[in-house]
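First up is the structure itself, then whatever we jot down about it.
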Amino acid sequence: MRDFIQGETLCFDKPYRWTSFDVVAKVRWLLCRKLGVKKLKVGHAGTLDPLATGVVIVCTGRSTKHIDELQARVKEYVATLQLGATTPSYDLEKPIDQTYPTEHITRERIDEVLPRFMGRIEQVPPAFSACKVDGDRAYKLARKGEEVKLKAKVLVIDELEVLNFDPATKQLTLRIVCSKGTYIRALARDIGEALESGAHLTALRRTRVGDVRVEQCMQVEDFPTWLEAQELEGQMQEVVPE
């Protein structure tokens, strides 16, 4: 028996180009329709960029009180970086604005550079981020063309593993285990600079939040069918006249 009003936690594999709020809005609409209620408290435990996929945890009802706790859990990502070029957003949201030499970048050079980003480090968030600047979201200002200056934040990167490096295309795929507040786009920017070149993300997948792995997560498109099969507490029953 599911009780979404009392509180439930759901884990989704966020689709490409969906915002985390899109997932929340879809879940809330389906639940309200199923329960026969006009309002239901629903929230997500950690924003994931629209161009990223992977684990998004959604809480309903009183379970939303645990969102801060869930957000604080360690995250794991698989990220693909294109070396030798940058974009204003550090991913594919914006077109390439500058290119750099890459002939000097080897796997050995990458192995020398990556340890600089292990452990407790400082990172300046991207201008295209949800950080607030004088009450406004940084990405809103950045998309208007306004200059955005953000302060460095302390974070922790526990693991940084090279999964693949293609010397021909200069594409680098990393597995990253990190703390709350880590911007993988900013990490791509900083790794590119450390390699005396540039870099931006071409793919990002959040593969784990705490103990929740992406393989355990539900596809958003499967949620309506799953929901129809559930027996729910608090569901308004249709009254059939005698």
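Quick check on GLY145: is it more than 21 Å from the chain's Cα centre (by Cα), of a type in the set (Gly, Ala, Ser) and modelled with pLDDT under 90?
Considered against the rule, which asks whether it is more than 21 Å from the chain's Cα centre (by Cα), of a type in the set (Gly, Ala, Ser) and modelled with pLDDT under 90, GLY145 comes out as yes.
Of all residues in the range 94-105, count the ones that are in contact (Cβ under 8 Å) with a residue 12 or more places away in the chain, within 27 Å of the chain's Cα centre (by Cα) and surrounded by 12 or more Cβ atoms within 10 Å (Cβ to Cβ).
2
Across the range 212-235, which residue is farthest from LEU35 (Cα to Cα) among those that are of a type outside the set (D, E, K, R) and part of a helix (DSSP H, G or I)?
It comes out as VAL214.
Against the definition (of a type outside the set (A, V, I, L, M, F, W, C) and modelled with pLDDT of 95 or more), how does PRO115 come out, yes or no?
yes
Could you list, in sequence order, the residues of the range 106-121 that are in contact with a strand residue (DSSP E or B) (Cβ under 6 Å, 6 or more places away or on another chain) and either free of Cβ contacts under 8 Å to residues at least 60 places away in the same chain or assigned to a loop (DSSP other than H, G, I, E, B) (or both)?
Within the range 106-121, MET118, ARG120 meet the criteria.
Can you tell me how many residues in the range 36-66 are closer than 25 Å to VAL78 by Cβ, surrounded by fewer than 18 Cβ atoms within 10 Å (Cβ to Cβ) and not polar (S, T, N, Q)?
Number satisfying all stated conditions: 2.
Scanning for something closer than 17 Å to ALA45 by Cβ and among the hydroxyl-bearing types (Ser, Thr, Tyr), does the range 170-179 turn up at least one residue?
yes
So, in the range 198-230, of the ones that are among the polar types (S, T, N, Q) and under 17 Å from the mean Cα position of the chain (by Cα), which residue ends up nearest to VAL177 (Cα to Cα)?
Restricting to residues being among the polar types (S, T, N, Q) and under 17 Å from the mean Cα position of the chain (by Cα), the top hit is THR207.
The values are calculated or read from the model by the stated rules, or taken from the named source; none is laboratory data. Bear in mind the structure is a predicted one, so any value in this text is a computation, not a measurement. We place every Cβ from the backbone using ideal geometry, glycine too, and count neighbours over all the protein chains shown.
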